[in-house]
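Visitor: There's a structure below that I have some questions on.
Quick note: the coordinates plus some simple rules give every number you see, no bench work behind them. Computed from a predicted model, the values in this text were never measured in an experiment. Cβ: placed from backbone, ideal geometry, glycine included. Neighbour counts: every protein chain shown.
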Amino acid sequence: MSILPVTIFFSLSLAVITVSCSSPTSAVKPIEISQTGKSQQTVQIIIKFRNNSDPSKSDFVKELSRDAHAPLFYIRPMSGGAHVFGITGATESTAEILRRLRTRHDIEYVEQDSIMQPAVN
């Protein structure tokens, strides 16, 4: 019996495992170029609403942007009823934008979307 087929099988298996364990591309934040030519990174925020309205509608997103004093855009729904929005080109800090959004009566919570790491004890 030849060792070559077994070696090829294990090499291919290792390649599949390596590719499947690589980081997802969704973790990469898009960078856009502003009219001034400077790059602006998109900040993502998570908003959970108290009611079951459709936050992806353009009129609703315009209303959120007006209240936040920042240009928001809808990205996608999340599990648990929350939604992901993006902010690009804001003139104020993300903390100030989140503070303004928290004052809305229809928002249960709002937070910056970030990768969570388990605490090490």
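Visitor: Once a ≥ b ≥ c are taken as the square roots of the eigenvalues of the Cα gyration tensor of the stretch 68-110, is the result rounded (a/c under 1.5), prolate (a/b larger than b/c) or oblate (a/b not larger than b/c)?
Guide: oblate
Visitor: Which value in nm describes the separation of the simple spin-label points at residue 99 and residue 73, placed 7 Å from the Cα toward the beta carbon?
Guide: 2.7
Visitor: Points 7 angstrom from Cα along the Cβ direction at residue 120 and residue 53: gap in nanometres?
Guide: That separation, rounded to one decimal, is 4.4 nm.
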